[in-house]
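My structure is below; once you've seen it, I'll send some questions.
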Amino acid sequence: MSIEHNNQFLHQVKPNQCPSCGAKTIADYVYGLADDQKTQKAHQEGRIVLGGCDMGHICAGEPYRAWRCMGCGGDFYSHVLMNWL
């Protein structure tokens, strides 16, 4: 289930399918320093998306990018989970 808020779709859990294009390949955003080979390989394979190290918006309680559709590039937002490296 998603809720629209400020032109962002908020999700409590990872969507199974993209509502925009129908793709079922949804990658997790991960935040932090991606300096190990396992993380780099997962990124190259499209299983994760690197969200960077700036966590200010998340610490402020704002919705953050949690998942990305690998079909159309659409982002899904959450304020529930965190994917940390």
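Where a number appears in this text, it was derived from the coordinates with a stated rule and is not lab data. These numbers come from a predicted model, not from an experiment. Ideal geometry is used to build each Cβ from the backbone, glycine not excepted, and the neighbour counts take in all protein chains shown.
At a 10 angstrom cut-off on C-beta neighbours, averaged per residue, how do the peptides 15-25, 64-74 rank from highest to lowest?
Answer by packing, highest mean first, reads 64-74, 15-25.
Could you compute the net charge surrounding Ala27? Neighbours are other residues with a C-beta less than 12 Å from the C-beta of Ala27; K and R count +1, D and E count -1.
My count for the surroundings of Ala27 gives +2.
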